[in-house]
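A.B. asks: If you scroll down you'll find the structure; I have some questions about it.
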Amino acid sequence: MKVKIGVTEYDLKLVSDQKIKASFSDANDGDVDNTFVGGLVSLAQNTIQINKDLPLQTRVQSFFHECVHAMLDEIGESELFQDEDFVDAFSKQIYGLFTANKLDKVLLFLEDKKGGRN
C-alpha cells in the first residue's frame, strides 16, 4: 500500500517482528534483541514498515509514530525527527484524534454537505 506524506510517497509494509528488528539493527548499527520495534521509516527507501506481530492498536499507533517521523523530515525538522519522546507524544495525540472522532463525518460537516448544522 502507498501512503503519501507531504510530497513523498512511502511504501507501507507489514513485516514480521524478526524482519523489522533486523532492519532496525541495520539502520542503528546495533543489537536489538530486547528492544521494542513497532515500526520503522526509511527515508532512503521511502518505506514505512510496521510490525505485523503486534496487536492492532499498537500497529496503528506505530503507523502514526512513523508518519510523524516522516512529516518532521518533510518539513526539515531533523532535531525533532530524532526526538523519540516528542515523536511518541505527538503521534499519540494524532492517534487519539483519529480514534476518538469520526473524521469522515467531521470532513463532511466542514464541507457543509449537510447544511452546516451541529
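A.B. asks: Enumerate the pairs (first residue in the stretch 4-31 and closer than 19 Å to residue 84 by Cβ and free of Cβ contacts under 8 Å to residues at least 12 places away in the same chain; second residue anywhere and charged (D, E, K, R) and open to solvent by 40 Å² or more (accessible area, probe 1.4 Å)) with beta-carbon separation below 8 Å, excluding pairs fewer than 6 apart on the same chain, so at least 6 apart or on different chains.
C.D. replies: 25/31
A.B. asks: Still on this model: For residues in the stretch 31-46 being part of a loop (DSSP other than H, G, I, E, B) and surrounded by 15 or more Cβ atoms within 10 Å (Cβ to Cβ), which is modelled with the lowest pLDDT? So that I can check it myself, show each step before the final result.
C.D. replies: Here is the first cut: in the stretch 31-46, the ones part of a loop (DSSP other than H, G, I, E, B) are 31-38, 43-46.
Filter once more, so that each one left must be surrounded by 15 or more Cβ atoms within 10 Å (Cβ to Cβ): 32, 37-38, 46.
Working: 32: 65, 37: 88, 38: 92, 46: 97.
Restricting to residues being part of a loop (DSSP other than H, G, I, E, B) and surrounded by 15 or more Cβ atoms within 10 Å (Cβ to Cβ), the top hit is 32.
A.B. asks: On the basis of being surrounded by 14 or more Cβ atoms within 10 Å (Cβ to Cβ), assigned to a helix (DSSP H, G or I), polar (S, T, N, Q) and modelled with pLDDT under 95, does residue 23 make the cut?
C.D. replies: Spelling it out, residue 23 is indeed surrounded by 14 or more Cβ atoms within 10 Å (Cβ to Cβ), assigned to a helix (DSSP H, G or I), polar (S, T, N, Q) and modelled with pLDDT under 95.
A.B. asks: A further question follows. For the stretch 88-109, give me each residue that is of a type in the set (D, E, K, R) and either more than 18 Å from residue 69 (Cα to Cα) or open to solvent by less than 70 Å² (accessible area, probe 1.4 Å) (or both). Even if it seems obvious, please write down each step before you answer.
C.D. replies: Applying the first criterion (of a type in the set (D, E, K, R)) to the stretch 88-109 yields 88, 92, 102, 104-105.
Within the stretch 88-109, 88, 102, 104, 105 meet the criteria.
A.B. asks: Continuing with the same structure: Can you work out which of the residues in the stretch 47-87 that are of a type in the set (Asp, Glu), assigned to a helix (DSSP H, G or I) and open to solvent by 40 Å² or more (accessible area, probe 1.4 Å) is farthest from residue 36 (Cα to Cα)?
C.D. replies: Filtering the stretch 47-87 down to residues of a type in the set (Asp, Glu) leaves 53, 66, 73-74, 77, 79, 83-85.
Okay, now just the ones that are also assigned to a helix (DSSP H, G or I), so 66, 73-74, 79, 84-85.
Narrowing further to those that are open to solvent by 40 Å² or more (accessible area, probe 1.4 Å): 73-74, 79, 84-85.
Numbers: 73: 22, 74: 25, 79: 22, 84: 13, 85: 15 Å.
For the stretch 47-87, the residue satisfying everything is 74.
The values are calculated or read from the model by the stated rules, or taken from the named source; none is laboratory data. Since the structure is predicted, the reported quantities are computational estimates derived from the model, not experimental observations. Ideal geometry is used to build each Cβ from the backbone, glycine not excepted, and the neighbour counts take in all protein chains shown. When the accessible area is computed, the model is the full protein with side chains, heavy atoms only, and any ligands, DNA or RNA have been set aside. Shrake-Rupley method; radii C 1.70, N 1.55, O 1.52, S 1.80 Å.
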